[in-house]
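Just below is one structure, and these are the notes that go with it.
The values are calculated or read from the model by the stated rules, or taken from the named source; none is laboratory data. Since this is a predicted model, take the numbers as computed values, not measurements. Here the Cβ positions follow ideal geometry from the backbone for every residue, glycine too, while neighbour counts run over all protein chains shown. Protein only, heavy atoms only, side chains kept; ligands, DNA and RNA dropped before computing areas. Shrake-Rupley method; radii C 1.70, N 1.55, O 1.52, S 1.80 Å.
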Amino acid sequence: MSNNNSDSIWYALYTKSRAEKKVSEDLNKKGIRNYLPLRRELRKWSDRKKWVETPAISSYIFINISPEQYNWVFEINGVVAYVAHNGRAVTIPDNQIKAMQQTIENKIAFDVESNAITKGKEITISSGPLIGVKGIVKKVKGNRKLYIDISNIGYSLVIDMEDVEVE
């Protein structure tokens, strides 16, 4: 089952706790295009340290489906619900998914914050691997930050802007 046609739409799914990787794996097996943003973290135990990949946004996974596949995703164990507003699943614009993918693929340092960003000036990155990405600039403790709103689910990707030029 492929869904690379032009009528496919990105949605955010809410998953059971710690089920994100398994849901992504099962969606892949069923041919459902999905994106699970992962980050590398150094985890410490009493006897060792280890680098592990963890979901950047806990209990969320993004899927790209056609309208006909909308109810089909509930056949995947671990899927709880679509992220919705006023009873309707919210869509995620393609450019916001691409911004997350480019940030992670290019190993750019980022944080995820769970509040909507409303203050600041909208800018466009004019150099570097994220060229063309738009976001909202905020000054945080003297560091330049770019906030890329994943607006429909109330999260923002926060990128360090030390060596990047903006317009």
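Tell me the carbon and sulfur percent of the accessible area for segment 1-104, rounded to whole percent, probe radius 1.4 Å.
C and S fraction of accessible area: 45 percent.
Determine, for each peptide in 45-52, 92-99, the mean count of other beta carbons within 10 angstrom over its residues, then list the peptides with the highest first.
The densest-packed peptide leads the list: 92-99, 45-52.
Quick one: length gained pulling Glu75 to Lys49 fully straight, 0.36 nm per residue minus the C-alpha distance?
Additional length available on full extension: 5.7 nm.
Find the eigenvalues of the gyration tensor of the Cα atoms of segment 14-107, then list the square roots of 5 times those eigenvalues as equivalent ellipsoid semi-axes, largest first, in whole angstrom.
26, 16, 12
Hey, which of these cross-link pairs are over 25 Å Cα-Cα: Lys16/Lys107; Lys44/Lys134; Lys21/Lys50; Lys22/Lys107; Lys49/Lys107?
Cα-Cα > 25 Å for Lys16/Lys107; Lys44/Lys134; rest within.
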